[in-house]
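*Asks:* Dropping a structure here in structure tokens format, bear with me for questions.
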Amino acid sequence: MKILQVNKLYYPWIGGVETIVKQIAEGLNKKNSLEIDVLVCNDKNETVIEEINGVKIMRVQSFGIFWSMPVSFYFLNFYRKIAKNYDLIFLHYPFPLGFVAYTLFSRNKNLVVWYHSDIVRQKLLEIFFRPFHLYALKKSKKIFVSNPNLIKSSDYLKKFKEKCIVIPFGIDLNYFRENEEIKKEAEEIRKKFGTPLILSIGRLSYYKGFTYLIRASKEIEGKILIIGEGKLKNKLLRLINDLNLENKVFIIPPVNDLRPYYLACDIFVLPSIHKSEAFGIVILESMAFGRPVISTELGTGTSWLNINNETGFVVQPKNEKELVEKINLLLHNKELCQRFNQNVKERVRGFSLDNFWENLKKELISIF
């Protein structure tokens, strides 16, 4: 069965959806007669066809990325030419161009959709493309979601809940395991930034809520380390400077290996404020090292992964007071931390990458 995965971008572009598209392509390509190619936009004005780790990647030229979406006048024509070569189209939402392409040029093709998150900010864009989204969701054989909370909270998915299938994302549990080298690096990180250490990771964008964590840090009895890059970097650095927190809050660029940082921290915090944070892979990764989690209630996978009062705390978004209260509570209550440590290790065992691949493979094969 030939499958065409369609998304806005692909590795080495870094993003949560892009990571999942790569995992699907590399994990299932040439497994049980599945052959998976990937069609995306390029972030520059040239079309490139290449092979990465055995997967054919087609990047169609664009004028660049605007409002987090690539703008390409060439994508639809390219899709029209190649769609006939595939047995199944696999769209990732939200990517409006992919849904337009399917509706215009391949209505007769079998379709599945992975629904990652609602469109939160670009409401006008969503209204314009809604007919294409609704048509494709109606036509799809199956709609995959990473967690049950998304089905309950999404107005789109409520209309199609009977065809929604929950397949949680997973991580390589063998990779996210401590060893002597990681322990040594973790010790150096704690010496460099200080202790106790609160860690947060993500793109420095509006929905991650780092502004609220930084403001809360004035009353948090520990050091804050944020790992990420993005448009809000300078704004966040100015906030740190204005609040005289240069010796308490640190922002560093993304690193190749996050494992020593997960091991070095005492608490992992994901302070996101919008539904764009649909799952939170970093929560799973921190759990693999037994770290208690503080996340926010968004009606998405974050508060499904992190169970309030069991694996950590779930607080209201934008609530600095609650962040302070829960972080300081964990820092002072070793018995509670130990209980959470055990619970997160148990929780993460059910979220292996192998399980993710196996569950998705079964669902795809069952279509034919």
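*Asks:* Just want to confirm a number: the relative contact order over region 180-348, from Cα pairs under 8 angstrom separated by 6+ residues, in percent.
*Replies:* Relative contact order for region 180-348 comes out at 23 percent.
*Asks:* Relative contact order, percent, of the chain when contacts are C-alpha pairs under 8 Å separated by at least 6 residues? Intermediate results must be reported in sequence, preceding the final value.
*Replies:* On the way: 702 pairs, mean separation 48.4, N = 368.
Worked out over the chain, it gives 13 percent.
*Asks:* Measure out, as a whole number of angstrom, how far apart the alpha-carbon centroids of region 187-246 and region 65-84 sit.
*Replies:* Going from one Cα centre to the other spans 37 Å.
*Asks:* Under a 5 Å amide H to amide H cut-off, with H placed in plane at 1.01 Å, what residues pair with F313 once short-range neighbours are removed?
*Replies:* For F313, whose amide H was placed from the backbone, the distant partners under 5 Å are V293, I294, S295.
*Asks:* Additional query: Report the calculated FRET efficiency for R177 and E325 (r = Cβ-Cβ distance, R0 = 35 Å), to the nearest 0.05. All intermediate terms of the calculation are to be shown ahead of the outcome.
*Replies:* Working: r = 32 Å, r/R0 = 0.92.
For R0 = 35 Å, the calculated efficiency reads 0.60.
*Asks:* Same structure again: Using Cα atoms only, what is the angle between the long axis of helix 320-332 and the major principal axis of the chain, expressed in degrees (0 to 90) to the nearest 10?
*Replies:* Computed tilt is about 60 degrees.
*Asks:* Under the classification rounded if a/c is under 1.5, otherwise prolate if a/b is larger than b/c and oblate if not, where does region 85-163 fall, given a ≥ b ≥ c as square roots of the Cα gyration tensor eigenvalues? Please list the in-between numbers first.
*Replies:* Values: a/c = 1.97, a/b = 1.23, b/c = 1.59.
It comes out oblate by the Cα gyration axes.
*Asks:* For R107 paired with T47, estimate the spin-label separation in nm (one decimal), with each label point 7 Å from Cα along the Cα-to-Cβ line.
*Replies:* 2.5 nm
*Asks:* Taking H placed 1.01 Å from N in the peptide plane, check which residues at least 5 places from V71 or on another chain put their amide H under 5 Å from its amide H.
*Replies:* Result for V71 returns F63, G64, F66.
*Asks:* Can you say what percent of the DSSP beta bridges in region 1-148, counting only those with both residues inside, are antiparallel? Round to 5. Each step should come with its number before you reach the end.
*Replies:* Values: 7 of 29 bridges.
Given both bridge residues lie in region 1-148, the antiparallel proportion sits at roughly 25 percent.
*Asks:* Using Cα pairs closer than 8 Å and at least 6 residues apart in sequence, work out the relative contact order for region 1-113, in percent. Mind showing how you got there, number by number?
*Replies:* Values: 215 pairs, mean separation 30.1, N = 113.
It comes to 27 percent, rounded to a whole number.
*Asks:* Given S286, I327, L243, which one lies farthest toward the positive end of the charge dipole of region 180-348, if we put +1 on the Cβ of every Lys and Arg and -1 on the Cβ of every Asp and Glu?
*Replies:* L243
*Asks:* Any idea what the dipole of the chain comes to, in debye rounded to 20, about its Cα centre with Lys/Arg Cβ at +1 and Asp/Glu Cβ at -1? Numbers along the way, then the final one.
*Replies:* Details: 54 positive and 39 negative charges, 257 e Å.
Dipole magnitude for the chain comes out near 1240 debye.
*Asks:* About its Cα centre, what dipole magnitude does region 180-348 give when the only charges are +1 on Lys and Arg Cβ and -1 on Asp and Glu Cβ, stated in debye to the nearest 20?
*Replies:* On the way: 25 positive and 21 negative charges, 80 e Å.
Once rounded to the nearest 20, the dipole reads 380 debye.
*Asks:* Starting from the Cα-Cα distance between L125 and K152, subtract it from 0.36 nm times their residue separation and give me the gain in nm to one decimal.
*Replies:* On the way: separation 27, 0.36 × 27 = 9.72 nm, distance 2.29 nm.
Once the chain is fully extended between L125 and K152, it gains 7.4 nm.
*Asks:* Taking the DSSP beta bridges in the chain as the whole, what percent of them are antiparallel, to the nearest 5?
*Replies:* Details: 7 of 52 bridges.
In the chain, approximately 15 percent of DSSP beta bridges are antiparallel ones.
*Asks:* Give the shape of region 279-368 as rounded, prolate or oblate, defined through the alpha-carbon gyration tensor: a ≥ b ≥ c are the square roots of its eigenvalues, a/c under 1.5 means rounded, and otherwise the shape is prolate if a/b is larger than b/c and oblate if not. Could you put the intermediate results ahead of the total?
*Replies:* Numbers: a/c = 3.83, a/b = 1.89, b/c = 2.03.
Oblate is the answer for region 279-368, as a/c is 1.5 or above yet b/c matches or exceeds a/b.
*Asks:* Between their Cα atoms, which of K139/K361; K84/K139; K81/K361; K44/K231; K191/K318 are more than 22 Å away from each other?
*Replies:* With Cα atoms farther than 22 Å apart: K81/K361; K191/K318.
*Asks:* Where is the GNM fluctuation largest for the chain (alpha-carbon springs, 10 angstrom cutoff): G301, G64, G16?
*Replies:* G64
*Asks:* In nm, give the distance between the simple-model label positions of T19 and K84, each being 7 Å from the Cα along the Cα-to-Cβ direction.
*Replies:* Modelled inter-label distance: 4.0 nm.
*Asks:* Quick one: if the Förster radius is 51 Å, what FRET efficiency do L134 and R238 give, using the C-beta to C-beta distance and rounding to 0.05?
*Replies:* Working: r = 42 Å, r/R0 = 0.83.
Here the calculated transfer efficiency is 0.75.
*Asks:* While we're here: What is the spin-label model distance, in nm, from N341 to I165 if the labels are put 7 Å beyond Cα along the C-beta direction?
*Replies:* Spacing of the two 7 Å Cα→Cβ label points: 4.0 nm.
*Asks:* Order these peptides, 208-216, 265-273, by their mean beta-carbon neighbour count within 10 angstrom, highest first. Provide the component values of the computation, followed by the final result.
*Replies:* Numbers: 208-216: 22.6, 265-273: 24.4.
Going from most to least packed, we get 265-273, 208-216.
FYI, it's all coordinate maths here, none of it is from the lab. Note that the structure is a prediction, hence the values are computed from the model and not measured. As a convention, Cβ positions derive from the backbone with ideal geometry for all residues, glycine included, and neighbour counts pool all protein chains shown.
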